[in-house]
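The values are calculated or read from the model by the stated rules, or taken from the named source; none is laboratory data. Source: prediction; values computed, not measured. Virtual Cβ from ideal backbone geometry, glycine too; neighbours counted across all protein chains shown.
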Amino acid sequence: MLKQNTKEFIQKGLLVLGAVFISLMIAEIGLRIFLPKYQEAAESRLTREDFLKRVPNTRSLRKHPDTGKQHLAVYNNLGLRQSWDVDRASSARRLRIGFFGDSFVENTGLSIEYGFVNVLDYLLNSNKDKFEVINFGMNGYGTDDAYLSFLERPVARGLQFVFYVYCDNDLMNIYENKLISVDREGHLIFPRKKKGSSFWNRVVSRFYITYLFLDAKTKFVSWLNLQPKKHFHKERHSSAVKRFQNDHLSGKPSPEVDQTIKVYQTILQAWSKRAAAQNARFSVVLLPFHTEGKDESLIPEGIDSLNLYKLFSGSHLFPPSRLRFQHEGHWNEYANMLAAYFLYRDLEVKLGITHRSDEWVKQRLFEYYSAFGKEWFPDLGFEKTVLSERKEKAIWHKYKALEMKG
């Protein structure tokens, strides 16, 4: 009788576990279809320094914020959103230029060919193929994450030019993440090295449903002592973090903002020195919006900067157009094209290469965008020439290379 009861108990228990498992799988599938906001967390992973980076050699579908059309977001051998695999070792044949920052650098809302990194790479290599522009950006990064990415990635040691693209929420990220602080002597304090997250943490961090539990503020995660990606989701700001951002943007006096600005400035100074130690030039790029443009005064003296807000506002080279998506706050194809143009002009001077006329640059832009059809094409305001089929294929193959691998 006892054996029979035990057998029935085990059978019922297995049925319950099976039902729970199937329910969780159905919920997971539903979340992946109808709640893509958890995609960023599930497809990222923590480094030893406790900040996020992409998994190498992966791909996923993303949607254009305005058209809703899907495109691939492909990550190369180093987990970078790049059109090609990047050799870990530096090359004497190519001069490397790296861009660090958040979603404005990674540009997952756009098909990869429309991001400024690829456009700039094409402009620089229009005469000789001797430059490599590398995208180190990742959605959600603050100044602290970006600097840690520069320090951790061996490939960054081979850069000759280092650009950090500043977004107005980067100070908020420093305050929220607390990855880096400053001691009384003004030295940076870094997070302790970790042995890595446990197997259990790595498993649950890959499921959308984990983040649904977090959003629902259940006790599930704390009860199991889980920490799946501490700052996985930048929309989950606490009231303190929101207050910090409001104080920063409004200019309201705040000890928290003042201390965070000190950390920010110390990071930039340390970053500039690190870059100089490897014979690289460090620059801060300010996005072409008022909130970033006004923060130019926060950049420490002696650090090079490029204020896209001032450059965009004063330029009449291209017909005026909106800079952001209609349904989302990131910059669109047009703004990325303008950014590539001004960065090219900046690098012409820094590299000491031949200054080209605006007509020459427009012709190169026409060549580039012609290779990708009419999904988006800029009004360049000049008489266009026909692009040869050979050149069109060469552009396509370089800047869509990883997508074509299957």
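The table that follows gives values for the structure above.
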item	result
Residue in region 363-382 that is of a type in the set (D, E, K, R), under 25 Å from the mean Cα position of the chain (by Cα) and modelled with pLDDT under 90 present	yes
Verdict on Phe318 being assigned to a loop (DSSP other than H, G, I, E, B) and either assigned by TED's automatic domain parsing to the domain that holds His397 or hydroxyl-bearing (Ser, Thr, Tyr) (or both)	yes
Criterion (in contact with a helix residue (DSSP H, G or I) (Cβ under 7 Å, 6 or more places away or on another chain), under 29 Å from Leu286 (Cα atoms) and surrounded by 11 or more Cβ atoms within 10 Å (Cβ to Cβ)) met by exactly one of Leu351, Leu343, Leu387	Leu343
Filtered residues of region 294-308 (kept if crowded, with 19+ Cβ neighbours inside 10 Å and modelled with pLDDT under 95)	Asp295
Answer from Val155, Val133 - the residue that is on the phi < 0 side of the Ramachandran plot, touching a Leu at 6+ places or on another chain (Cβ under 7 Å), free of Cβ contacts under 8 Å to residues at least 40 places away in the same chain and not in a loop (DSSP other than H, G, I, E, B)	Val133
Residue in region 260-279 that is of a type in the set (Ser, Thr, Tyr), assigned to a helix (DSSP H, G or I), surrounded by 15 or more Cβ atoms within 10 Å (Cβ to Cβ) and free of Cβ contacts under 8 Å to residues at least 60 places away in the same chain present	yes
Residue count for region 318-340, restricted to those that are touching a helix residue (DSSP H, G or I) at 6+ places or on another chain (Cβ under 7 Å) and closer than 14 Å to Gly115 by Cβ	8
Residue match in region 100-107 (condition: in contact with a Leu (Cβ under 7 Å, 6 or more places away or on another chain) and assigned by TED's automatic domain parsing to the domain that holds Arg59)	yes
Positions within region 321-357 being under 19 Å from Asp102 (Cα atoms) and either over 23 Å from the mean Cα position of the chain (by Cα) or in a helix (DSSP H, G or I) (or both), in sequence order	Glu333, Tyr334, Ala335, Asn336, Met337, Leu338, Ala339, Ala340, Leu343
